[in-house]
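Chemist: Sharing a structure below in C-alpha cells format, with a few things to ask.
The values are calculated or read from the model by the stated rules, or taken from the named source; none is laboratory data. All of these numbers come straight from a predicted model, not from anything done at the bench. Counting neighbours? That spans all protein chains shown, and the Cβs are built from the backbone with ideal geometry, glycine included.
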C-alpha cells in the first residue's frame, strides 16, 4: 500500500450503499469526517492504510479486489482487451486504464462484457469455447479462491487427521461408513476408457488401476466433495447465473476438484509449508502426497483475507503450446490469456527435460517481469504404450514478489538478464525475432528491396 496511492471511491460508495448507511453514519463508523468520506467517494482523496483497515474490519472490505471484482482479470485483463488492434490508434496507456478502473469500474466492466461477447474477441484473444470462456470469467471473478469451500475442507481435513492413518484410507472409511459408498480398484482392461466412475446406483466409486496414489486420493476426495460440500457448491453454481447448462456443469466440476485439492492440502497448513520451504514445489508435493499439477493449481488459490500466499498463476500446455488449464488467480497475468505461447519461453523446454523443474525469468513488452517454473507431467493413467500424453505445467509470479522463492535464490530478479517474450506472435510487436511465425495483428508488412532480416516478417513499428 505504501508504493502507490489507492483511489477507490466507487468501491467505498458501493460498500456504504450495500450497508444502507448515509455518508455521515459510515464516516462515524470509520472515525473520519463526513467531508473526508465525501472526498474519498468522489475520487479526490486516496484511501489511507488506517481507513482501509477499518473498512476491512467493520465492513468485510477486501482491498485486494479493488478494480478487480468488476472486470474479469482486473487491470491486466482490461489492458489485454484494449491491446486489440481495433484500439491501436487510441494510444491508451496503463495509467489511463488504472484511472478508469478506480473512477468508473462499472463502465469498465460493461466494456469488458461487450468485448468478451464479441465474436472477434473470442477468435483473436481467447480461443475458448463459449462455455469454457464463461467458466473462466466466473473463476477470475473469484480469483480462484472460494472461501466457503476452503473453510469446510479445512475443517473436514482436521477431523480426518484425528481419525489417524493416511488420507486416502480415512476418506475411504468415511465414504464407506457414513455414506455407504465403497471404492473398488479395477483392471485397466475393465475400464479402458475411464479413469474413475462414481456409480450412485451401485454405491461404488470405481477407479482405474493406472491411477497413481495422489490421483486415487484426489478421486476419493472429489467423491466426498459431491456429498459433503454439495450445498456450498450448488450455491456457487446458482450464483454464477450461467446461460448454458454445460457451463454450469463445468463450473461445478471445477468446484468439486477445488474442494478435493483443499482437502488434500488444507489452507493454513499448506500456506505455512509454502512459507517455510520457500514454495519448494517438489517438497510440497511429497509432504502433502499430491501430484505436481495439484500443487501448482493449489498455489493459485491462496487468497484468504488476512492470510494470503503469493499471487501465482498456473498454465498447462500440450506439446503444441495449446493451453488446457489457465488460472490467473490474483496474479492478473496476461501470460495465461489466449491460445498462443511465445516459443522463447522456458515452459516449452520442460518437455525436453522430463523430471526437472525449469525456471525462467521472462520480461513482457510492457516491462513486467515474471519468474516461472515449469515441469512436464504425464496425463493421469498414462502408460508406456503408444504415444504418451504429456503436458507442461507452469506456475509463475510477478518478479517483484518472487525473492522468497527457493528457486529464485541468487537471482537479481529486477536486474538480471531476462528472456524477452511476447504473448504469441499475433499479439507481439517485438522486431527482429528469429522465432516469429506470423506478423502481429494491425501492423502492415514492410518490404525492402534486396534485404532479408533475421525475422521472416518485417513490419511497421509504432
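Chemist: Residues to consider are 84, 126; find the one that is at pLDDT below 80 and out of contact with any helix residue (DSSP H, G or I) (no Cβ under 6 Å at 6 or more places or on another chain). Spell out the reasoning first.
Modeler: Values: 126 fails: out of contact with any helix residue (DSSP H, G or I) (no Cβ under 6 Å at 6 or more places or on another chain).
Answer to the check: 84.
Chemist: Here's something else I'd like to know. Can you tell me how many residues in the stretch 300-325 are surrounded by fewer than 24 Cβ atoms within 10 Å (Cβ to Cβ), touching a strand residue (DSSP E or B) at 6+ places or on another chain (Cβ under 9 Å) and not in a loop (DSSP other than H, G, I, E, B)?
Modeler: The number of residues fulfilling the criteria is 5.
A quick yes/no check of all residues on (1) at pLDDT 95 or above; (2) in contact with a helix residue (DSSP H, G or I) (Cβ under 6 Å, 6 or more places away or on another chain); (3) within 28 Å of residue 307 (Cβ to Cβ); (4) outside any helix (DSSP H, G or I):
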position: 214; (1), (2), (3), (4): yes, no, yes, no
position: 217; (1), (2), (3), (4): yes, yes, yes, no
position: 235; (1), (2), (3), (4): yes, no, yes, no
position: 243; (1), (2), (3), (4): no, no, no, yes
position: 249; (1), (2), (3), (4): yes, no, no, no
position: 253; (1), (2), (3), (4): yes, no, yes, no
position: 259; (1), (2), (3), (4): yes, yes, yes, no
position: 268; (1), (2), (3), (4): yes, no, yes, no
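Chemist: All but one of (1) in a loop (DSSP other than H, G, I, E, B); (2) touching a residue at least 12 places away in the same chain (Cβ under 8 Å) hold for residue 412; which doesn't?
Modeler: (2)
Chemist: Show me the strands (runs of 3 or more DSSP E) entirely contained within the stretch 137-209 in which 1 or more residues are under 27 Å from the mean Cα position of the chain (by Cα) and surrounded by 13 or more Cβ atoms within 10 Å (Cβ to Cβ). If you could, list the steps in order and put the result at the bottom.
Modeler: Values: elements: 182-186, 196-199, 204-208.
Passing ranges, in order: 196-199.
Chemist: Right, something else. Given the residues 450, 432, 422, which is the only one that is modelled with pLDDT of 80 or more and on the phi > 0 side of the Ramachandran plot? It would help to see each step written out before you state the result.
Modeler: Working: 450 fails: modelled with pLDDT of 80 or more; 422 fails: on the phi > 0 side of the Ramachandran plot.
Answer to the selection: 432.
Chemist: Looking at this structure, is residue 131 modelled with pLDDT of 80 or more, surrounded by 16 or more Cβ atoms within 10 Å (Cβ to Cβ) and touching a strand residue (DSSP E or B) at 6+ places or on another chain (Cβ under 9 Å)? Steps first, please.
Modeler: On the way: modelled with pLDDT of 80 or more: yes; surrounded by 16 or more Cβ atoms within 10 Å (Cβ to Cβ): yes; touching a strand residue (DSSP E or B) at 6+ places or on another chain (Cβ under 9 Å): no.
Criteria not met by residue 131.
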